[in-house]
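Notes to accompany the following structure.
The values are calculated or read from the model by the stated rules, or taken from the named source; none is laboratory data. All of these numbers come straight from a predicted model, not from anything done at the bench. Positions of Cβ are generated from backbone atoms using ideal geometry, with glycine treated the same way; all protein chains shown enter the neighbour counts. Protein only, heavy atoms only, side chains kept; ligands, DNA and RNA dropped before computing areas. Shrake-Rupley method; radii C 1.70, N 1.55, O 1.52, S 1.80 Å.
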Amino acid sequence: MRILMACAEYAPLAKTGGLADAVAGLSGALYRRGHDVRVLMPRYGVPEPEGWSVKPDRAGAEPYIELLAPEPGPRVFLQETPETHANGAIYTGDDRDAPRFLALCRAACAMPDALGWRPDVVHCHDWHAALVPALLERDAEERAPPPRSMLTLHNISYQGNFAESVLADCGGGDVVALAGDAGRANSAVSFLRIGIERAGLVTTVSPTYAREIRTPGEGMGLDAALRERGESFLGVLNGVDYRVWSPETDALIGTNFDSARPEGKQDVKRALCAELGLTGDRPVLGVVTRLVEQKGVDLLVDALPALLERTRACFALLGSGDPALEGALAALAAAHPERIAFARGYDEGLAHRIIAGSDLLLVPSRYEPCGLTQMYALRYGTVPVVRATGGLADTVAHFDPDAGTGNGCVFEHADPEAVIWGVTTALGWYEQGDAWRELMTNAMAADFSWDRQAARYETLYGALTGAGSSGGGARS
Ligand code: ADP
C-alpha cells in the first residue's frame, strides 16, 4: 500500500515531544511490513542530524526536498517555502503558525502530482495537517477520486484555531469555507475541527483517551464533533520503537543491560548520579517532560518538600517550558543539590540516561493522550508512577505484591497528596527487595512494539480503501 504521512514532527529530524517518535515509529514499522511509506513535513531551517543528507538530485520537483536517511526506511520529503522557516523553531505558538501549516497542507495535496506518486491513504497527524482531507475532497477531479484520508489526534488541546482575518491575510480565505457552522463560531477557524469532520477515519493514540475526549469535560470543545463520528473515531495505542528505546542496545546510556542481566542498570544509575551530582545509594526518581500544565509538574513542585522529608529518594528532573515551573524546579534543586537535580532544556541523551538509570519514573499528568516515557521506562526496568488517565491508564497496572501482578504504581487524583501517595507507595515496594525484583521483572516484560501496533493501522487503512489488510511483503 502507498501511504503518505503528513506531519509537523518526525524523529530525529524535528522533535518537541511524542508526536515525532510516534510518526517515525509507525512509519518505520509500516515500511518494514512492506508498504511504500513517504513522509512530508516542513523544512524548519535546522541542520540535518548526523547521517542524514539532502538528496542531490531534486528532479525539479520543488518545493519538495528529499532527505537521505542513514538506514533504509520511509522516504522523507521536506517542503521548503518561505512560510516554513521560523528561525529554526518548530512552532511559534502564534498566528505565524497559520501560513506555515497551511502551506504544509497544500503541499501534501499537491505532492502526488508533483512526484507522480499517488498514495492510497494520506495519514494526517494533528492540526498541522488536518486540512488535507477537506482540501483533497474539494479539489478532486471527477474521474479521479481523492486518496482516502485518516487523521490521528495526538493531543486535542492543540487545535490550530485562527481568526478568519489571519487566514485571509495569508492566502487562506478558501479555508474559511471548509469550516462548518460550528467551526466558524466566534469567527475563528479550527484546523483540527475541519479534519475531525472530514477525514475518512479519525483515530487517537489510546483507547482511554478516545473515551475521555468524547465527553464535554475533556473534549476541549470538540467532544460533540467526535461523538458525531460514531465508530469512525477510535483509539489505537501508540507503540514503542525498541530499536531506539531498548536497554540492550541503547547507545546513549553507557552500559547496556536486559532482564537476564539487570546488574548493568546499577552502572547506568551510578553514572547518572555522578553526572547530576546526586547522592548515590538512594532510590532515584526521574522525570522527563515538557513543562506544561498538562503534565502536572506543578503537583510535583508542591509535593517535593514533603517527599524530601518523608523519603530518602533523589530526584533527576529534565524538562523545559513554562518559565514559572522552570524557576520553581531550579530553586528546589539549588536548595537541595544532593537530592534534586534539575536540567533545564531539551537533551535526548540525558532523557535516555534518566529513563534508563532511575528506579522510578513519575508521570503525574492531568491528561495524557498516550504518553511514551512510561512505556520506555517499563522496558528499562524503571517503575512508572502515573496518574490514571488516558494512555497511562492503558499501559500501567497497579502492582499487587501478594498476587505478583501489575507493572507500576497508579494514583487517581491530580493533586499533590496523590503524588505523595504514589511515590511513597512505590518506594515502600522498593525497600522490600523481593517485591521490587518481581515488579521490575513485570515491568521489563512489557511489549508495546510498533511492529504490533502498526498492524492495527494496516487493518484500518485496508478498511478505508477496501483493500483488506495485506501489506507489500515484509522487509527484513
Ligand atoms: P508529549 O508528546 O506530550 O510531550 P510523550 O510522553 O508522548 O509526551 O513524549 C515525550 C517525548 O519527548 C519522549 O520521547 C521524551 O523522552 C521526550 N522529551 C520530553 N521532554 C524532553 C526533554 N526535555 N529532553 C529530551 N527529551 C524530552
Taking Pro337 as meeting all but one of (1) touching a residue at least 40 places away in the same chain (Cβ under 8 Å); (2) within 13 Å of the ligand (Cβ to nearest atom), write down the number of the exception. (2)
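Each row is one residue, and each column tells you yes or no for (1) of a type in the set (Asp, Glu); (2) open to solvent by less than 10 Å² (accessible area, probe 1.4 Å).
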| position | (1), (2) |
| --- | --- |
| Gly171 | no, no |
| Val175 | no, yes |
| Leu178 | no, no |
| Glu197 | yes, no |
| Thr203 | no, yes |
| Glu212 | yes, no |
| Gly219 | no, yes |
| Leu234 | no, no |
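Filter region 285-296 down to residues that are open to solvent by less than 20 Å² (accessible area, probe 1.4 Å) and within 14 Å of the ligand (Cβ to nearest atom) and give me whichever is nearest to Glu417 (Cα to Cα). Full working, then the answer.
At the first step, the residues of region 285-296 found to be open to solvent by less than 20 Å² (accessible area, probe 1.4 Å) are 285-287, 291, 294, 296.
Those still in the list that are within 14 Å of the ligand (Cβ to nearest atom) too: 286-287, 291, 294, 296.
Details: Gly286: 19, Val287: 18, Leu291: 20, Gln294: 18, Gly296: 13 Å.
Checked region 285-296; the qualifying residue nearest to Glu417 (Cα to Cα) is Gly296.
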Please count how many residues of region 4-24 are in contact with a helix residue (DSSP H, G or I) (Cβ under 6 Å, 6 or more places away or on another chain) and more than 13 Å from His125 (Cα to Cα). 1
Only listed residue being in contact with a Pro (Cβ under 7 Å, 6 or more places away or on another chain), within 29 Å of Gly319 (Cβ to Cβ) and among the hydrophobic types (A, V, I, L, M, F, W, C), chosen from Val76, Val39, Val46, Val23: Val39
Those residues that are under 17 Å from Glu197 (Cβ atoms) and in contact with a Gly (Cβ under 6 Å, 6 or more places away or on another chain), I need them from region 90-132; list them, please. Trp127, Ala130
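Inside region 243-252, can you point out the residues that are surrounded by fewer than 20 Cβ atoms within 10 Å (Cβ to Cβ) and under 17 Å from the mean Cα position of the chain (by Cα)? Walk me through it before giving the result.
So the first thing to find is which residues in region 243-252 are surrounded by fewer than 20 Cβ atoms within 10 Å (Cβ to Cβ), and the list is 243-244, 246, 248-249, 251-252.
The answer is Arg243, Val244.
Open to solvent by 30 Å² or more (accessible area, probe 1.4 Å) and under 30 Å from Tyr158 (Cβ atoms): which single residue out of Arg229, Arg282, Arg270, Arg261 fits that description? Walk me through it before giving the result.
Values: Arg282 fails: under 30 Å from Tyr158 (Cβ atoms); Arg270 fails: under 30 Å from Tyr158 (Cβ atoms); Arg261 fails: under 30 Å from Tyr158 (Cβ atoms).
It is Arg229.
Which residue out of Ala393, Ala414, Ala388, Ala403 is farther than 25 Å from Leu308 by Cα, under 23 Å from the mean Cα position of the chain (by Cα) and surrounded by fewer than 24 Cβ atoms within 10 Å (Cβ to Cβ)? Don't jump to the end; show me each part of the working.
On the way: Ala414 fails: farther than 25 Å from Leu308 by Cα; Ala388 fails: farther than 25 Å from Leu308 by Cα; Ala403 fails: under 23 Å from the mean Cα position of the chain (by Cα).
Among Ala393, Ala414, Ala388, Ala403, only Ala393 is farther than 25 Å from Leu308 by Cα, under 23 Å from the mean Cα position of the chain (by Cα) and surrounded by fewer than 24 Cβ atoms within 10 Å (Cβ to Cβ).
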Any residue at all in region 297-315 that's in contact with a Gly (Cβ under 9 Å, 6 or more places away or on another chain) and open to solvent by 10 Å² or more (accessible area, probe 1.4 Å)? no
Here are some residues: Arg387, Arg456, Arg379, Arg366. Which one is touching a residue at least 24 places away in the same chain (Cβ under 8 Å), closer than 30 Å to Arg2 by Cβ and among the charged types (D, E, K, R)? Arg456
Keeping to region 363-375, report how many residues are closer than 15 Å to Ala316 by Cβ and within 7 Å of the ligand (Cβ to nearest atom). 1
Per the list (1) touching a Leu at 6+ places or on another chain (Cβ under 9 Å); (2) modelled with pLDDT under 95, residue check on Thr279 breaks on (1)
Here is a list of conditions, (1) in contact with a helix residue (DSSP H, G or I) (Cβ under 7 Å, 6 or more places away or on another chain); (2) assigned to a helix (DSSP H, G or I), and Ala224 meets all of them except one; can you say which number that is? (1)
Check region 134-153 and report whether any residue there is closer than 28 Å to Pro56 by Cα and open to solvent by 20 Å² or more (accessible area, probe 1.4 Å). no
Leu350 fails exactly one of the following numbered conditions: (1) over 18 Å from Trp245 (Cβ atoms); (2) more than 16 Å from the chain's Cα centre (by Cα); (3) near the ligand (Cβ under 9 Å from one of its atoms). What is the number of that condition? (1)
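Condition check ((1) crowded, with 20+ Cβ neighbours inside 10 Å; (2) over 14 Å from Pro74 (Cα atoms)) across all residues:
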position	(1), (2)
Met1	yes, no
Ala14	yes, yes
Leu30	yes, no
Val39	yes, no
Glu48	no, yes
Asp57	no, yes
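Residue-wise test of (1) of a type in the set (A, V, I, L, M); (2) within 19 Å of the chain's Cα centre (by Cα).
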| residue | (1), (2) |
| --- | --- |
| Glu197 | no, no |
| Gly200 | no, no |
| Thr204 | no, yes |
| Pro207 | no, yes |
| Ala224 | yes, no |
| Arg227 | no, no |
| Gly230 | no, no |
| Gly239 | no, yes |
Of everything in region 306-326, what is away from the ligand (no atom under 14 Å from the Cβ) and more than 20 Å from Gly277 (Cβ to Cβ)? Give them in sequence order. Ala306, Glu309, Arg310, Pro323, Ala324
Among all residue pairs at least 6 apart or on different chains, which show Cβ distances below 7 Å where the first residue, located in region 283-294, is among the small types (Gly, Ala, Ser) and the second is near the ligand (Cβ under 8 Å from one of its atoms)? Gly286/Ile355
Being touching a helix residue (DSSP H, G or I) at 6+ places or on another chain (Cβ under 8 Å) and acidic (Asp, Glu) narrows it down to one residue among Asp139, Asp94; which is it? Asp139
